[in-house]
Structures are given as structure tokens and as C-alpha cells.
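Okay, so here's the structure we're looking at.
The numbers here are math on the coordinates, done by the rules we state, and not lab data. On a predicted model such as this, the values are computed, not experimentally measured, just so you know. Heads up, the Cβs are rebuilt from the backbone with ideal geometry, glycines too, and the neighbour counts pull from every protein chain shown.
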Amino acid sequence: MKWLRCLLALALTLCLTACGAPEKKDDPSASGVFVPALDKDTACTIQVVGHYDNFEALVSEFNLFNQYYPNVTLKYVKLDDYNKSIVTALTGSEAPDIFFAYPSMVIAKETYQGLFDAAEDLSDKALGIDLGCIRPGLLYKDEQGHVPFVPIFSETYGMLVNEDLFKKENVQIPRTYSQLTQACEQLQKAGYASPMMGYNRGTFLLYPMLHPYFCAQIRDNRAALDALNAMKPEAGEYMRSTLEKAVDFMNRGFIDLEACNTLEKDYDPVILRFFEGDVPMMLAKAGTVSGTEKRESRSEAFTAHPFKYSFWPVPSTEEGSYFLDVISLYFGVNRNSKNLAMANEFMRFLVTTAELNRMAQAKRMVTPCNDMSLDGVYAAFGELDPSRVIYQTELGLQDAPDVYVRDACWRVSNGLVTVDEAVAGFGKTE
């Protein structure tokens with residue numbers, strides 16, 4: 001009888017397969033495979049404009065898209081004086097089909113209203129664009145709930161970590177503030193005079209540690225944000241714990257300021273100095289990390305003695321680090337495009353976990369997708385608990401207080417002012 005039961009079960013399975021829903025391979029949303037929605041023989045030109053000198057990662061996506069639409073010509077064009085010219089370009093006789101947009105344009109919406117007027121609503125379900133693959137806190141929605149721009153790259157702040165060096169010295173990569181100070185102590189005893197370095201011109205230095213920490217202190221405090229944005233003098237007190245953390249860390253002597261002052265820019269000099277192989281932790285932003293892979297071959301030290309490295313959030317509390325998630329670049333579709341259907345089709349192709357991650361990996365920027373595992377250099381950020389993620393677009397901190405806090409942290413870190421002086425100076429005109 002056992003063989004009969006098996007035979008009946010098999011028959012039932014075959015029946016359900018035959019009478020049930022279509023197989024997943026016929027369902028694009030189920031399989032995750034892009035299925036063209038337009039005539040594959042369509043011939044047109046799609047132009048993307050931005051401010052980059054070149055965009056190799058996007059060109060690679062063009063080539064992949066051409067596998068589905070071989071007669072579509074896609075080209076990227078750099079637009080001179082982009083911020084001032086893009087609004088005019090969108091209504092010109094040779095208007096681009098897809099364009100760059102930035103958080104600063106969203107903040108200054110009145111100045112860039114033409115950008116919003118020209119933008120297609122990418123959340124329109126009829127377009128079939130999978131916005132669900134993007135971290136929700138990165139999606140900007142206007143007053144009507146429309147999504148005029150889709151994030152392509154994200155930015156953040158942290159520290160480049162020489163993993164081989166940590167392994168050699170038997171030191172654990174720190175995940176809490178006390179672990180950070182302990183790791184610095186161990187590395188200093190092992191002969192590393194400056195366990196941590198960073199660019200010390202402008203107002204950077206401890207910014208990758210302090211700014212995410214500061215943002216975490218105020219993100220759920222509406223009164224603090226209102227007072228800070230209004231530049232009320234008493235709002236300086238909201239900086240105090242951040243400034244005190246700067247003093248605490250700098251007083252431990254883990255950073256050689258003179259060595260940091262030799263870094264003339266926060267890009268090539270920072271990367272090449274880190275590649276010397278004797279800097280355990282280098283404070284940086286993701287925009288700097290994006291240039292690491294291409295510069296490996298330019299470093300004689302790294303070429304001779306390559307090592308494994310990755311980018312980590314700087315731990316600032318005993319509960320761990322914060323991931324300050326900042327939009328680096330948006331794409332928008334010009335609703336006045338002569339090839340609007342194909343421009344939207346390209347965005348439907350691009351806005352998927354696979355393609356956005358592929359672009360981010362090629363550019364070595366932070367992906368805007370929920371799945372951050374593709375590029376191991378940023379894996380540590382993807383492992384953080386969602387409660388430790390701060391979306392700058394949701395925070396609401398305006399430019400004036402942001403600039404003051406950044407400057408105050410740098411001045412306190414360099415011993416130019418005391419915590420009390422920096423707090424007292426907030427909101428006061430000289």
C-alpha cells in the first residue's frame with residue numbers, strides 16, 4: 001500500500017502543477033529576471049546627463065541593457081556648470097531623458113522647482129519600477145507622495161581598516177567605543193605611533209565618529225532640531241556630549257595631528273598614505289573609499305605588500321556604531337523626454353538589487369539597496385541593527401547648524417577652543 005500512497009501523491013502534485021498558477025520563470029516579479037515590456041526592435045537614443053567627467057559604471061549598464069534592446073543607443077554626457085544649467089537643459093530642444101539630482105537640490109526645492117516639474121513620478125505603479133529594493137529611508141517623496149528621483153549611490157563616513165595588520169597584531173576590529181580605545185592602546189604598544197589617522201584640514205578629522213553620534217542624539221528630539229535650525233544660542237548645549245567625546249578621544253593620544261596635517265587632500269593623499277600599510281585605521285568618507293581599488297596599482301608599497309582592507313563605521317558608544325546614510329546621487333526621468341517610455345524602461349531595468357549593486361560595486365560607492373553584501377568593503381555597515389541607521393534625509397538638520405557643529409568639533413579636536421567656548425558660541429554672530 002505504501003507504493004500506492006506514493007503514486008497518489010505524485011499524481012496530486014502533477015495535477016496541482018498543471019492547474020495552478022504559472023511557473024515562476026514566467027513571472028518577472030517572482031524570478032527577479034528583467035523581462036522587456038516594449039518592442040525589442042525599438043530604435044531610439046537615451047541621453048543621461050550629469051556632472052561626472054566619465055561614468056564607466058553606467059556605461060556597463062548601458063551595455064547590459066542593449067542585450068534586451070540592441071537598437072537603443074544610450075549615451076552619457078557631462079553638462080558644464082551642472083547645477084546652474086540642468087533646469088534650463090530639461091526644457092531645451094535637446095533635452096536629456098535622464099538626469100542627475102542631489103540632496104542639496106531637494107533641500108533648495110524653490111531654486112530647483114523646474115527639476116521637480118520635469119521629473120516623472122517613478123512610484124507610478126504603471127511603470128513597474130521596483131522601489132522596494134531600496135532602503136526606505138533613502139526614498140524621497142514629495143507632498144503628493146510621488147517619487148521624482150531614485151537614489152543611485154549612497155554616502156557615509158567611517159574608517160578604512162587594515163585587516164591584515166589587525167590580524168598580525170592579534171587585535172580585534174572594534175565594535176564599541178571601549179573596544180576602539182583598547183584596540184588603539186594595543187596597537188600603540190605594538191609600535192604604531194598613530195593607530196588612527198585622518199585628513200585634518202577643513203573640518204574633517206573626527207567627523208566620521210562625531211557627526212553620526214551627534215545626529216543620533218537629536219534625531220528623535222523635535223525641540224532640539226527646531227532650536228538648532230533656528231540657531232538659538234541655548235541650542236549649543238545639544239552639542240556638548242559630542243564635543244566631550246572629541247576631547248576624551250583626543251586626550252588619549254591615539255592620533256598624531258602632525259602626521260595628519262601632512263595629508264593635503266582627503267582623496268589621493270589619504271588613500272596612498274593608508275596603502276603604505278602602517279596605518280591601522282584611516283578616517284574617511286565613502287567618496288574617498290570609492291577611489292581605493294583604482295589606486296592600488298599606483299601605490300608601490302601596496303603593490304609590493306598588498307593587504308586586505310575594509311570600511312567600518314567608527315564606534316562611538318558602548319552599544320556600537322552608527323551608520324549615517326546619506327544620498328550621494330539621484331537619477332530622475334524627464335517627463336518631457338521624446339523617448340519617455342524607453343527612458344522609464346531603462347530605469348525599470350536599473351532599479352533592481354542586482355543592477356544597483358553592480359553599479360555601486362563598479363564605482364565602489366555604497367549601494368542604496370537593502371542588500372549590502374555584494375561589496376565586502378562595506379559589509380560592516382550592512383550588518384548594523386536598523387536602529388543604528390540614521391537617514392540624513394529624514395533627520396531635518398539644516399545647513400547652518402550642521403556647518404557650525406562640524407567646525408566646533410574640529411576646533412575642539414585640535415585644541416583651538418574648549419567645549420564651553422564652542423557651546424557658548426553657537427548662534428552668536430561675530
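For the chain, the longest principal axis of the alpha carbon atoms and the long axis of helix 353-363 meet at an angle near 50°. For ASN336 and VAL247, the difference between the fully extended length at 0.36 nm per residue and the C-alpha to C-alpha distance is 26.7 nm. Once both axes come from the Cα atoms, what is the angle between helix 56-65 and the longest principal axis of the chain, in degrees from 0 to 90, rounded to 10? Roughly 10 degrees, rounded to the nearest 10. For the chain, the longest principal axis of the C-alpha atoms and the axis of helix 240-251 are separated by about 70°.
Of GLY320, GLY291, GLY415, the residue with the greatest mean-square motion in the GNM of the chain, using alpha carbon springs below 10 Å, is GLY415. With a ≥ b ≥ c the root eigenvalues of the C-alpha gyration tensor of the stretch 120-246, is it rounded (a/c under 1.5), prolate (a/b larger than b/c) or oblate? Oblate, because a/c is 1.5 or more while a/b does not exceed b/c.
In the chain, the calculated helix contribution to ellipticity at 222 nm averages -11000 deg cm²/dmol per residue, counting -39,500 (n - 2.57) for every DSSP H run with n ≥ 4. Database remark: amide H of TYR309 closer than 5 angstrom to the amide H of GLU163 (H placed geometrically; neighbours at sequence offset of 5 or more, or on other chains; Pro and chain starts carry no H). Modelled spin-label separation between THR317 and ARG201, with each label point placed 7 Å from Cα along the Cα-to-Cβ direction: 3.5 nm. Two numbers describe the Cα atoms of the chain: Rg and Dmax, which are 25.1, 94 Å.
Amide H to amide H, with H built 1.01 Å from N, VAL366 comes under 5 Å of SER154, counting only residues 5 or more places away or on other chains.
If you plug the beta carbon distance of ASP226 and TYR52 into 1/(1 + (r/R0)^6) with R0 = 35 Å, you get a FRET efficiency near 0.40.
One chain, two ends: LYS168 and ALA400. Fully extended at 0.36 nm per residue, the span grows by 79.1 nm beyond their Cα-Cα distance.
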